[in-house]
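Undergrad: This is the structure, below, for whatever I ask next.
The values are calculated or read from the model by the stated rules, or taken from the named source; none is laboratory data. None of the values given here were measured: they were computed from a predicted structure. Don't worry about glycine lacking a Cβ; one is built from the backbone with ideal geometry, like all the others, and counts go over all protein chains shown.
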Amino acid sequence: MKTIQLQHNISDEQYQMAVRLLEAINIKVKQTSQADDAKMSKEAFYAKIDEALEQEPIPMTRNELHALHRL
């Protein structure tokens, strides 16, 4: 079995069209999604917090902080 992985930001409509096209030519489509931080386990969530706390702080002025929020 050969595997093809496509990565591209497309709309849901384009994605469904591509799935229908592939299935029409007898290619099985296994739908996977990338990790979504909103759906992580409690342990993974706290591990991320612990990792962030272990990093060196980045000195930043108030103006630099406001500039980041405008992005």
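Undergrad: May I ask you to list the residues in segment 6-30 that are surrounded by 10 or more Cβ atoms within 10 Å (Cβ to Cβ) and polar (S, T, N, Q)? So that I can check it myself, show each step before the final result.
TA: Taking segment 6-30 first, the residues surrounded by 10 or more Cβ atoms within 10 Å (Cβ to Cβ) are 10, 14-23, 27, 29.
Within segment 6-30, 14, 16 meet the criteria.
Undergrad: Taking residue 8, is it within 21 Å of the chain's Cα centre (by Cα), at pLDDT 85 or above and not hydroxyl-bearing (Ser, Thr, Tyr)?
TA: Values: within 21 Å of the chain's Cα centre (by Cα): yes; at pLDDT 85 or above: no; not hydroxyl-bearing (Ser, Thr, Tyr): yes.
Against the criterion (within 21 Å of the chain's Cα centre (by Cα), at pLDDT 85 or above and not hydroxyl-bearing (Ser, Thr, Tyr)), residue 8 does not qualify.
Undergrad: Right, next: Answer yes if at least one residue in segment 15-26 is at pLDDT 85 or above and not in a helix (DSSP H, G or I), and no otherwise.
TA: Yes, that holds for at least one residue.
Undergrad: When residues of segment 45-71 are filtered for being part of a loop (DSSP other than H, G, I, E, B) and within 23 Å of the chain's Cα centre (by Cα), how many remain? Show your work before the answer.
TA: Narrowing segment 45-71 to residues part of a loop (DSSP other than H, G, I, E, B): 55-61, 71.
Filter once more, keeping what is within 23 Å of the chain's Cα centre (by Cα): 55, 71.
Adding up the residues that qualify gives 2.
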